[in-house]
Every structure is written in structure tokens, then in C-alpha cells.
Amino acid sequence: MVTEGKPTDVVKVLHLLVLSFSWGMQVWVSFIAGFALFRQVTIHTFGLVQSKLFPVYFYCLVVCNVLSLAVYAVYHPRELLDWHESVQMILYFTALVTAGLNSQWFGPAATEAMLQMSAVEREHGLGNQIGRGGDHKDAYDKLKSQDVKYRGYRRSFGRYHGLSSLCNLTGFICTTVNLIYTALNLSTI
């Protein structure tokens, strides 16, 4: 593996810290915090917390991915990349793009649809229970079948939430593979 220049120990440590911070944040926000919170608060509170948390989360991911990609690109010039390094560069870039899409488009669009959906639910006395299932499922289904605006908000929310989740999962997989590859090649970052 040929690289231009050798990174200092400080650069290696900072690169690994940024990459591991990004991965840990993704694990926490994507798999732990949401699951725990969803089971403890009403769905409207859950949505409000996510609407405040996700922009910060997505922008932190963008910054971490920019830093990781920049450090990797500086010490792995395009002309000298082997195919493993090319794949890793693509993974860094993909993680950056998915975080950027979430921060600029999918996250805000999902939040807007969720807020509109919550307003309609409040008008019909829904959203004050913990979780979405159980006894209130029929009430949500009835509201969806009777209110065209609500049905549109749910469809819009589902689309943007799904795209946001797909981007988040894709970014998580990219970061995971890069972290594994970095751990296996610590001498070269």
C-alpha cells in the first residue's frame, strides 16, 4: 500500500477518534436512544425530541465524515490507490453524501410531515399515548381513512422517514466497514 507521506501519530489518533465518535453516535442515536425513548414517552413527545435531536445528529455526521474523508484523501492520493483503498474512499464519500442528504433534505422533510401529522392527530385526541400500537391503532386507521390531508401527511412522512432511515443505515454500514478496515490497518490510517 503506497501512500504519499506518513501521517503523524496525532493525525492517526485524531482520525480514529473522529471515526469512532461518528460510529458510536450512529449506534446510539439509531439503535439505542430511539428504542428506549419510544417506550417511555408519548409519540408526540418522541417526535418533538427527534425533530430537535436529528438536525444536530446529521450535522455532526457531516462534520465527522468531512474530516474522515479529508484525512484519508490527504494520505491516500487518488493516483496511488489500490482497489481496497478505492473502496474505502468510496465508503467515506457515501457516508458523507448520505449524512448530507439527511441533514439538508430527508430529515427536514420528515420532520415537517411529522409536525403536520401530529397537529391533525391532536385535533382528534390522538398522540397522548406511549407508542403507536395497542388500543389506539384502530383510531389511527380510522383517521387515515377519513381524513385525506392526514393520509397525505402520513404517506409523505413514511416516504421521507424511510429514505432518511435508508440513508442513515447506509452511512452506518459505510462507517462500520471503514472503522473495521482502519482497525485492521492501524499503521497506515
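The values are calculated or read from the model by the stated rules, or taken from the named source; none is laboratory data. Source: prediction; values computed, not measured. Here Cβ is always computed from backbone atoms with ideal geometry, including for glycine, and neighbour counts include all displayed protein chains.
Structure data summary
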| read-out | value |
| --- | --- |
| Some residue of the range 141-163 being at pLDDT 90 or above, of a type in the set (A, V, I, L, M, F, W, C), in contact with a Leu (Cβ under 7 Å, 6 or more places away or on another chain) and closer than 23 Å to Ser22 by Cβ | no |
| Lone qualifier among Ser118, Ser156 - being surrounded by 15 or more Cβ atoms within 10 Å (Cβ to Cβ), over 18 Å from the mean Cα position of the chain (by Cα) and closer than 23 Å to Ala36 by Cα | Ser118 |
| Test: residue in the range 75-82 that is among the acidic types (Asp, Glu) and either outside any helix (DSSP H, G or I) or under 15 Å from the mean Cα position of the chain (by Cα) (or both) | yes |
| Near pairs, Cβ below 8 angstrom, 6+ apart or cross-chain, from the range 68-82 (within 22 Å of Val13 (Cα to Cα)) to any residue that is among the basic types (Lys, Arg) and surrounded by fewer than 17 Cβ atoms within 10 Å (Cβ to Cβ) | Tyr75/Lys6 |
| Positions within the range 90-127 being under 15 Å from Tyr150 (Cα atoms) and among the hydroxyl-bearing types (Ser, Thr, Tyr), in sequence order | Thr111, Ser118 |
| Ser145, sole failed condition from (1) farther than 23 Å from Val87 by Cα; (2) more than 16 Å from the chain's Cα centre (by Cα); (3) crowded, with 19+ Cβ neighbours inside 10 Å | (3) |
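Yes/no matrix, rows are residues, columns are (1) surrounded by 19 or more Cβ atoms within 10 Å (Cβ to Cβ); (2) farther than 30 Å from Thr175 by Cβ; (3) in contact (Cβ under 8 Å) with a residue 12 or more places away in the chain:
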position	(1), (2), (3)
Phe54	yes, no, yes
Val87	no, no, no
Gln104	no, no, no
Arg122	no, yes, yes
Asp138	no, yes, no
Asp141	no, yes, no
